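Written below as structure tokens is the structure these notes are about.
Bear in mind these aren't lab numbers, they're just calculated from the coordinates by the rules spelled out. What you see is a predicted model, and the numbers here were worked out from it, not measured in a lab. No Cβ is skipped: glycine too gets one built from the backbone with ideal geometry, and neighbour counts run over all protein chains shown.
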Amino acid sequence: MGKISYSLVLIAGRFFIFMATVIMLLFLANLRSRFYYHGPNYSSLLWMSFYCVLTGIGLLKSKKWAFLLLFLPGICTITIFIYGWAAGARVLKPWALVNYGFIITLVGIPTFMLRYWHESRWL
Amino acid sequence: MSVVEVLNRPSNNVNKLTPAQCQAARILLQREEKSGTTVAAWNSAIGFGDGTVEPFNNSVPGQAYVNTAKGAVKVDWFTDLRLTTLVPGPQIPAYIVGKLTWTSVRVATGAPVTNYLPFQDLVESWTVELATSGYGFRSLFTPEFMKENCGQWGR
């Protein structure tokens with residue numbers, strides 16, 4: 001069980017580092033667009049990249065705080081969905097099922113990885 | 001509403017192309033012909049490229065939907081999704097993450113939001129479907145479409 005969880009943690013850590021790189025490249029492309037073509041400011045990409053690199057390094061080093069950070073995208077997504085639903089937003093099937101699948105994935109994977117919680121440390 | 005109904009949406013809900021949109025479509029087609037759809041999208045996207053797609057910016061009142069040969073489409077979203085088509089597969093998660101980020105930034109800054117959730121807007125869903133299926137700008141702006149809708153602005 002521990003070995004499976006550990007490999008999953010490594011995969012997740014590497015995935016987050018990869019996503020941090022992709023998002024940072026998007027941010028740099030946006031920076032170029034802003035400087036040369038007066039493009040819109042997508043500085044939120046920089047914060048998303050920082051989040052990914054922090055979570056990725058934390059996972060690769062088996063830190064408890066990284067496991068908690070993993071829940072952040074799911075919490076943010078659920079908050080936006082609740083806000084949208086409260087504002088009257090509705091999504092028809094089959095697209096609604098895609099959204100539900102996305103939320104379940106965002107919450108399910110971090111929950112599954114909590115099995116490795118006791119083998120990780122805070123610092 | 002089904003995709004067929006979206007495609008057959010009454011024309012008063014979908015504006016005809018403006019001269020600026022015709023010019024932008026012509027540039028998109030030229031770039032696609034020279035370098036392929038993905039590179040054309042990178043070079044033209046709002047916020048990532050030179051903003052050629054700006055006349056199709058769906059945040060601007062009156063140009064949320066654009067008439068194309070494939071029906072009503074959000075060309076700016078189509079362009080952004082085609083950024084990710086170097087490899088097949090990531091278009092749908094990229095759209096969902098992009099849409100949720102867009103909504104949260106708009107809400108946080110107090111900007112008006114007409115559709116909050118991914119796939120809430122059927123035209124946007126149709127746009128995702130087109131981008132995921134590998135359609136290019138040449139599928140949206142066919143020579144017949146350009147001739148009919150852009151006249152002297154066409155190719």
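Tell me which trypsin sites (Lys or Arg not before Pro) from region A:30-121 have a DSSP coil assignment and no more than 14 other beta carbons within 10 Å of their own. Can you show the working numbers first?
Details: sites: A:Arg32, A:Arg34, A:Lys61, A:Lys63, A:Lys64, A:Arg90, A:Arg115, A:Arg121; in loops: A:Lys61, A:Arg90.
When the trypsin sites (Lys or Arg not before Pro) of region A:30-121 are filtered for loop state and at most 14 Cβ neighbours within 10 Å, A:Lys61, A:Arg90 remain.
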Note, ³J(HN,Hα) from phi for region A:40-50, Karplus 6.51, -1.76, 1.60, rounded to Hz, x at Gly and Pro | x, 8, 10, 5, 4, 4, 5, 5, 5, 5, 4
For the protein assembly as shown, with only Lys/Arg (+1) and Asp/Glu (-1) charged at the beta-carbon, what is the dipole magnitude about the Cα centre, in debye rounded to 20?
-> 640 debye
Lys and Arg at +1, Asp and Glu at -1: neighbours of B:Lys99 with Cβ under 12 Å from its Cβ sum to -1
J(HN,Hα) series, region B:45-54, from Karplus relation 6.51 cos²θ - 1.76 cosθ + 1.60, nearest Hz, glycine and proline x | 5, 6, x, 10, x, 8, x, 3, 7, 3
Tell me which residues come under 5 Å, amide H to amide H, from B:Gly49 once H is placed; ignore anything under 5 positions away on its chain.
-> none
Rounded to the nearest 20 debye, dipole of region B:49-155 from Cβ charges on Lys, Arg, Asp, Glu | 80 debye
Using +1 at the Cβ of each Lys and Arg and -1 at the Cβ of each Asp and Glu in the protein assembly as shown, identify which of B:Ser44, B:Asn58, A:Phe102 lies farthest towards the dipole's positive end.
-> A:Phe102
Taking amide H positions as placed in the peptide plane 1.01 Å from N, state which residues far from B:Thr142 in sequence (5 or more) or on other chains have amide H under 5 Å from it.
-> B:Ala69
Under 5 Å between amide H atoms, partner at least 5 residues away or on a different chain: which partners does A:Phe71 have, H built in plane at 1.01 Å?
-> none
What number, in percent, do you get for the relative contact order of chain A if the mean sequence gap of Cα pairs under 8 Å and at least 6 apart is divided by its residue count?
-> 31 percent
A correct Karplus calculation of ³J(HN,Hα) over region B:109-120, with 6.51 cos²θ - 1.76 cosθ + 1.60, θ = phi - 60°, whole Hz and x for Gly and Pro, returns 8, x, 6, x, 10, 9, 9, 7, 10, x, 6, 5
Which shape class applies to chain A: rounded if a/c is under 1.5, otherwise prolate when a/b exceeds b/c and oblate if not, where a ≥ b ≥ c are the square roots of the Cα gyration tensor eigenvalues?
-> oblate
Quick one: net charge around A:Leu70, please, counting Lys, Arg +1 and Asp, Glu -1 for every other residue with C-beta under 12 Å from its C-beta.
-> +2
